[in-house]
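As structure tokens, the structure follows; a few thoughts come after it.
The values are calculated or read from the model by the stated rules, or taken from the named source; none is laboratory data. Because the structure is a prediction, the values reported are computed rather than measured. Backbone-built Cβ (ideal geometry, glycine too); neighbour counts: all protein chains shown. To get the accessible areas, we keep the full protein, side chains included, count just its heavy atoms, and leave off ligands, DNA and RNA. Shrake-Rupley method; radii C 1.70, N 1.55, O 1.52, S 1.80 Å.
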Amino acid sequence: MVNPEKSAEIEQISVGVVGTGGMGSMHAENLHSRVAGARLAAVADVDATRAKKLAERCGYAAIFQDAVELIQDDSVEAVVIASPDLTHAPLALECLEYEKPVLCEKPLADSADAALKVVEAEVELGRKLVQVGFMRRYDPQHVAVKEAVASGVVGAPVLFKGWHRNAGIEPGITSEWVVINATIHDLDSTRWFLGQEIEEVYVRGVNTEPALAEDVWDLQLIQLSTTGGRMGAIETYVASGYGYEVGVELVGEQGTVHTAPPAGALVRRDRAASQRMENDWLERFDTAYMIEMQQWVESLGHGRPTGPDAWDGYASLVAADACIASLRSGSPQRVAKLDPPALYGGEG
Ligand code: ISE
């Protein structure tokens with residue numbers, strides 16, 4: 001789908017994309033052909049061949065092998081970080097150094113301590129420039145659930161349930177990776193839907209996948225409670241084998257709301273009914289990624305990003321750290337108490 005406004009004569013912000021794997025390519029292609037008000041100015045990747053192929057597909061953007069050089073380049077006004085997780089925080093800090101707005105893929109960092117450095121740098125700067133790629137907040141199904149809950153139709157929400165299943169494993173993963181790379185989305189969803197911080201977590205898991213080391217839990221179940229006395233249950237299964245599926249249910253005092261099944265044809269044949277399942281997050285959240293990028297670009301036109309911020313990135317990692325402590329210790333863990341600085345609406 002090409003956005004017709006793309007070709008209109010409107011002012012365009014020049015965006016550089018760091019990382020040209022699956023996520024970076026999708027963001028670059030959205031910027032190039034679907035999002036109004038932006039142009040793909042540059043891409044960066046250590047893999048020059050991959051970067052060149054993407055640049056050629058997307059209107060011959062400039063190519064960098066060094067992400068820092070892309071960030072520093074005068075032709076780049078805003079940056080998307082979609083490189084490996086470990087690089088997110090250092091590159092976000094570099095963007096803050098050059099006062100460039102940045103849409104940073106989740107997780108904001110590989111630990112809460114590293115994410116706090118980004119928060120502190122933003123506080124020091126005195127303005128928000130970082131948005132974190134929690135794209136589910138833009139998914140029409142998730143937004144519909146959020147709106148239904150906010151309308152009060154089911155009364156006060158008392159329980160959040162989330163399920164998150166990946167079709168197949170990535171080789172060499174660890175139990176900690178499952179939390180930081182996958183469950184991080186569900187921790188953000190819990191905070192977003194309940195409007196409260198996570199206070200305590202208890203994580204259990206099992207290994208279902210012979211291709212992984214025995215101590216790697218590819219199926220994890222989290223029980224949690226929040227600062228306002230609500231509860232949550234998150235299932236993350238990164239080796240479901242059957243397809244990619246993400247959903248939420250909110251149980252309220254007078255009813256429940258949950259994400260509708262993905263739209264698509266129900267085929268009946270040979271005395272069976274079937275519906276195609278999505279393969280991965282790029283397919284399932286295609287619309288969400290596009291809306292996320294469009295709204296980010298528009299918000300920059302108005303001076304600052306309005307989506308999930310560095311504090312959301314940090315708070316989700318504080319909860320993730322507690323999940324990791326729980327899976328290692330086998331016991332429930334308190335989540336460190338949060339005190340947001342004034343920049344993020346708090347008194348700290
Ligand atoms: C992946 O990195 C993502 O961000 C997806 O949204 C998530 O569902 C998947 O589990 C992660 O590995």
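Has region 266-286 got any residue that is acidic (Asp, Glu) and part of a helix (DSSP H, G or I)?
Yes, the conditions are met somewhere in region 266-286.
Filtering region 47-73 down to residues that are closer than 19 Å to residue 102 by Cβ and β-branched (Val, Ile, Thr), which residue is surrounded by the most Cβ atoms within 10 Å (Cβ to Cβ)?
Here the answer is 71.
Given the criterion among the basic types (Lys, Arg), away from the ligand (no atom under 16 Å from the Cβ) and at pLDDT 95 or above, identify the matching residue among 284, 328, 304.
Exactly one residue qualifies, and that residue is 328.
Identify all residues within region 257-273 that are open to solvent by 80 Å² or more (accessible area, probe 1.4 Å) and either of a type in the set (Lys, Arg) or modelled with pLDDT of 95 or more (or both); write none if there are none.
258, 268, 269, 270, 271
How many residues are more than 16 Å from the ligand (Cβ to nearest atom) and touching a Ser or Thr at 6+ places or on another chain (Cβ under 8 Å) when one looks only at region 176-202?
9
Collect the residues in region 287-300 that are out of contact with any Phe, Trp or Tyr (no Cβ under 6 Å at 6 or more places or on another chain) and either within 18 Å of residue 17 (Cα to Cα) or away from the ligand (no atom under 15 Å from the Cβ) (or both), keeping them in residue-number order.
Within region 287-300, 289, 290, 293, 294, 295, 296, 297, 298, 299, 300 meet the criteria.
Within region 242-266, how many residues are within 16 Å of the ligand (Cβ to nearest atom) and under 21 Å from residue 232 (Cβ atoms)?
Residues in region 242-266 being within 16 Å of the ligand (Cβ to nearest atom) and under 21 Å from residue 232 (Cβ atoms): 5 in total.
Of the conditions (1) assigned to a loop (DSSP other than H, G, I, E, B); (2) at pLDDT 95 or above; (3) open to solvent by 20 Å² or more (accessible area, probe 1.4 Å); (4) under 30 Å from residue 276 (Cβ atoms), residue 196 satisfies every one except a single condition; which number is it?
(4)
Mind counting the residues in region 149-175 that are away from the ligand (no atom under 12 Å from the Cβ) and either buried (at least 18 other Cβ atoms within 10 Å of the Cβ) or hydroxyl-bearing (Ser, Thr, Tyr) (or both)?
Matching residues across region 149-175 total 7.
All but one of (1) part of a loop (DSSP other than H, G, I, E, B); (2) away from the ligand (no atom under 16 Å from the Cβ) hold for residue 107; state the number of the condition that does not hold.
(2)
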